[in-house]
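Here's a structure for you.
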Amino acid sequence: MITNTELEYKGNLYPNEIVDVKQESDKFYFTTDNGVILELTVIRNSAVRFRYATEHLFQPDFSYAISENAIKGFSQLEFRETETEYWVETARIRVLIDKKTLRTQISDKDGKIINEDELGFHWEENYTHGGNSVKMSKITQASESFYGMGDKATHSNLKGKRVNNWVTDQYAYGKDQDPLYKAIPFYIGLHNQIAYGIFFDNTFRTHFDFSHERRNVTSFWADGGEMNYYFFYGPEMSRVVQAYTDLTGTPELPPLWALGYHQSKWSYYPDSQVRALGKQFRKLKIPCDAIYLDIDYMDGFRCFTWDKEKFPDPKGMIQDLEKDGFKTVVMIDPGIKVDRDYWVYQEAMENDYFCKRGDGPLMRGKVWPGVCSFPDFTNPEVRKWWANLYKEMIAETGVHAVWNDMNEPAVMEVPTKTAPLDTRHNYDGHPCSHRKAHNIYGTQMVRATYEGVKKFVFPKRPFVITRAAYAGAQRYSCTWTGDNVATWEHLWIANVQVQRMCLSGYSFVGSDIGGFAEQPNGELFARWIQLGVFHPFCRVHSSGDHGDQEPWSFDPEVTKIVRKFIELRYQLLPYLYTMFWKYSRDNVPMIKSLVYFDQEDPQTHFRTDEFIFGDQILVCPVQEPNAKGRRMYLPRGNWHNYWTGEVVEGGMEKWVVADIDKVPLFIKEGAIIPFYPVQQYVGEIELKQLTLNVYYKQGIEDSTVYEDAQDGFDYKKGGYSLRNFKLNGKEKELIIQQYKDGTYETTYDSFKIRLHGLPFKIKTIEVDNVKVPLDTVRLNGDSTIEISKNFTELHIIGA
Ligand code: GLC
């Protein structure tokens, strides 16, 4: 392979000296003598875009990834020139552009280097396809680490690795196998306590080399398109991830039921089996909110049809399931069966909506139904049509949500596993071949699905899932990590992938719990559930041909453990929902790798297993058979062991006991964690009280609880309840203050405050400065206090 790091390679072309400079408000154009233009755009004080043209020619500026709502604006912008460089300076960073080479260097205001070009931008003309391979190389800084890049099934720290992005149907993938289902060309660099991010917004196949080929060089390149990347400065990793996520967007809040437990298999049928499945959940009292129908519900795998034998009355079945509290989610694939008598095929043919090959014929390929044609979802008219196809299924039959699969697109029996590269696409009015459209195809499909589902479930909220994704797909859809395997190694992979996706702006993610291919034993299934309930998307799914994977498919002990952990997820729903709200509104990843949580502690830079669920819960799955516990690293600070109540000091590795019915679980001291009662499904119970688990700390800690109607859009008009709690613990005192916002009235009137780790005996309690007789506050043996949900200050004084 030709890489951009082989200095000797003769095909590479480089910019030479700058001969012209122009400024147009926030944009600067530096033109070199040999016709290269660098367009540098200041987006925010700490975000800059670099775009390079060769031969004086930019392609039209168009991106599917960038969110319309991305924040722009900076407070300061200066431009200067020295003998050797141009300087573009914002309130937070300084970009130097070398006059002779067009190479750039970015530093903070103290001159500390954040990121600098090695060879910088260079390119190679592509005589086979036209255009260029565009390349960039940077100097790797001392002890630099790298994170992000979507769903890569490899060590969380990418240092020393080379990866590429080409969304691929990768059945039963292995550790380190690359590429997989997602193309998220965004990475975070961390060195000298400085974090920065680079988002290479190019949908062609992209490549990244993190000091793999040469120890001191990091490079990225694409097989076509433009060198077009965004740079984000931290120095905190949180700022980098939030800035990238702001640029590429976040989803709206999902309905709360989407955060419940979901059960799937390829496939549950006929309808009697689906009904029986629902009954079994209720009988065994294992909470569950959604049941999935995989491809076999369709008539000969034709999308938007029903197999009338297996499902004679889908509407009736869906209604009955709904009465029992289940939502029905169905699969829709992109391949449309070539069948002249099939209405979807007919409509697409009549309107010329299918993709065509370079020379004109229709693009065809085999998927489940046999030979298929593929709608060109990069055509806005096709997306509109596709969205409307959901009308009957949702508005009439009552399906609640949709799951898009095989949308890489996956094509069977061809070595490339996808559409031929000469296939043409509209690309929203920028016609191109599949080389450019491949990585975005699935995202545009799920975008259309999202529009359709949103339209037809209104006034409820849409819930959509996708397998393939490019950066920005998180605005439309939840996702899962594809066809994994029921092995212990895959449990490790699932953990790393979900953390990595969260760092890559894509938080609504989970794995096929238990493994898709092959069969887990009870122990592996239980351990995987113990991880899966802490993932934003929590679904068991399996290929079905290796045996059953329902919570009761193993032995009674496993069923008990699985129930216990699913119940814990349901108790944690208000916490999880608040995490989602923070993600949706403030771009905060729902799950944080330890390096994100505490980048100043170098111990965190190479950790893979431990993660922070939300802001205040530390989880470390057990990933080996026969374990009675495990060694894990606790980040700095004090942590309450959830199971034992013991308070332990972090900043070191520890052995933590976790027999098969436990997972290492710690709560940050000072946290206030809201709990709902266990429900069999979201909305089963009208909430009469909210439990607040208060974890004592000597010091201050803030916690938040966000709630709303759990569905619908009133929350956008102020119909939410936001509670901010400030905990202030002293040696013999604990003060909790509540600040409330929003107009939504929760159904409960009181809090049950459960105190954990209080180091003193309670002498008096004051609520809003009024002393409360201890007997009326029902101070129970286990230290719970019941008080009105409207309190402003709770003051507990020790003896
Ligand atoms: C793909 C999906 C899997 C699904 C199967 C059948 O392999 O990844 O989840 O069950 O297709 O539709």
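Across region 159-194, what is the total count of residues that are closer than 21 Å to LEU421 by Cβ, surrounded by 24 or more Cβ atoms within 10 Å (Cβ to Cβ) and more than 16 Å from the ligand (Cβ to nearest atom)?
3
Yes/no matrix, rows are residues, columns are (1) surrounded by fewer than 16 Cβ atoms within 10 Å (Cβ to Cβ); (2) within 23 Å of LEU247 (Cβ to Cβ):
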residue: PHE50; (1), (2): no, yes
residue: PHE58; (1), (2): yes, yes
residue: LYS72; (1), (2): yes, yes
residue: GLU78; (1), (2): yes, no
residue: ARG92; (1), (2): no, yes
residue: LYS99; (1), (2): no, no
residue: ASP108; (1), (2): no, yes
residue: LYS112; (1), (2): yes, no
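Still on this structure, please answer the following. I'm checking my understanding of the structure. Among residues of region 496-520 that are of a type in the set (Ser, Thr, Tyr) and away from the ligand (no atom under 16 Å from the Cβ), which one is nearest to PRO551 (Cα to Cα)?
Only one residue tops the list, namely SER507.
With region 680-799 as the region, which strands (runs of 3 or more DSSP E) entirely inside it contain at least 1 residues that are within 30 Å of GLN263 (Cβ to Cβ) and open to solvent by less than 20 Å² (accessible area, probe 1.4 Å)? Working first, answer last.
Working: elements: 689-695, 699-708, 720-730, 733-741, 750-756, 762-767, 770-772, 784-788, 793-798.
Of the strands (runs of 3 or more DSSP E) lying wholly inside region 680-799, those with at least 1 residues that are within 30 Å of GLN263 (Cβ to Cβ) and open to solvent by less than 20 Å² (accessible area, probe 1.4 Å) span 689-695, 699-708.
Looking only at region 477-495, filter to residues that are touching a helix residue (DSSP H, G or I) at 6+ places or on another chain (Cβ under 7 Å) and under 14 Å from VAL540 (Cβ atoms); which one of those is farthest from the ligand (Cβ to nearest atom)?
LEU491
Which residues, counting only those in region 448-487, are under 16 Å from the mean Cα position of the chain (by Cα) and open to solvent by 10 Å² or more (accessible area, probe 1.4 Å)?
ARG475, TYR476
Then there is this: Show the residue pairs meeting these rules: Cβ distance below 6 Å; 6+ apart or different chains; first residue within region 409-425 and within 16 Å of the ligand (Cβ to nearest atom); second residue open to solvent by 30 Å² or more (accessible area, probe 1.4 Å) and part of a loop (DSSP other than H, G, I, E, B).
ALA410/ASP169; LYS417/ASP169
Something else now. Which residues, taken from region 274-301, are open to solvent by 40 Å² or more (accessible area, probe 1.4 Å), outside any loop (DSSP other than H, G, I, E, B) and away from the ligand (no atom under 16 Å from the Cβ)? Can you show your working first?
From region 274-301, those open to solvent by 40 Å² or more (accessible area, probe 1.4 Å) are 275-276, 279-280, 282-285, 299, 301; that's our starting set.
Right, trim to outside any loop (DSSP other than H, G, I, E, B) and you get 275-276, 279-280, 282-284, 299.
Passing the criteria: ARG275, ALA276, LYS279, GLN280, ARG282, LYS283, LEU284.
Just for strands (runs of 3 or more DSSP E) wholly inside region 331-418: which have at least 2 residues that are open to solvent by 10 Å² or more (accessible area, probe 1.4 Å)?
In region 331-418, 364-367, 370-373 are the strands (runs of 3 or more DSSP E) which contain 2 or more residues that are open to solvent by 10 Å² or more (accessible area, probe 1.4 Å).
Another question, if that's okay. Which condition breaks for THR784 when tested against (1) modelled with pLDDT of 95 or more; (2) under 21 Å from LYS688 (Cβ atoms)?
Unmet condition: (1).
Which residues, taken from region 521-545, are among the small types (Gly, Ala, Ser), surrounded by fewer than 24 Cβ atoms within 10 Å (Cβ to Cβ) and within 16 Å of the ligand (Cβ to nearest atom)?
SER543, GLY544
Given the residues GLU85, GLU78, GLU17, which is the only one that is touching a strand residue (DSSP E or B) at 6+ places or on another chain (Cβ under 9 Å) and touching a residue at least 60 places away in the same chain (Cβ under 8 Å)?
Criteria check complete, one pass: GLU17.
Follow-up question, since we're still on this one. For PHE304, work out the one condition from (1) within 16 Å of the ligand (Cβ to nearest atom); (2) within 22 Å of ALA473 (Cα to Cα) it doesn't fulfil.
Of everything listed in (1) within 16 Å of the ligand (Cβ to nearest atom); (2) within 22 Å of ALA473 (Cα to Cα), PHE304 misses just condition (2).
Still on this structure, please answer the following. What are the residue pairs meeting all of these: first residue in region 330-357, first residue in contact (Cβ under 8 Å) with a residue 60 or more places away in the chain and more than 16 Å from the ligand (Cβ to nearest atom), second residue assigned to a loop (DSSP other than H, G, I, E, B) and open to solvent by 10 Å² or more (accessible area, probe 1.4 Å), Cβ atoms under 8 Å, and 6 or more apart or on different chains?
Close Cβ pairs (under 8 Å, with a partner that is assigned to a loop (DSSP other than H, G, I, E, B) and open to solvent by 10 Å² or more (accessible area, probe 1.4 Å)) amount to CYS355/ASP376; ARG357/PRO420; ARG357/ASP422.
In region 28-39, is there at least one residue being within 22 Å of GLY472 (Cβ to Cβ), surrounded by 14 or more Cβ atoms within 10 Å (Cβ to Cβ) and in contact (Cβ under 8 Å) with a residue 24 or more places away in the chain?
no
Evaluate region 592-602: report whether one residue or more is of a type in the set (Gly, Ala, Ser) and more than 17 Å from the chain's Cα centre (by Cα).
No: zero hits.
The values are calculated or read from the model by the stated rules, or taken from the named source; none is laboratory data. What you see is a predicted model; the values in this text were computed from it and never measured. So basically every Cβ, Gly included, is an ideal-geometry build from the backbone, and we count neighbours across all protein chains shown. When the accessible area is computed, the model is the full protein with side chains, heavy atoms only, and any ligands, DNA or RNA have been set aside. Shrake-Rupley method; radii C 1.70, N 1.55, O 1.52, S 1.80 Å.
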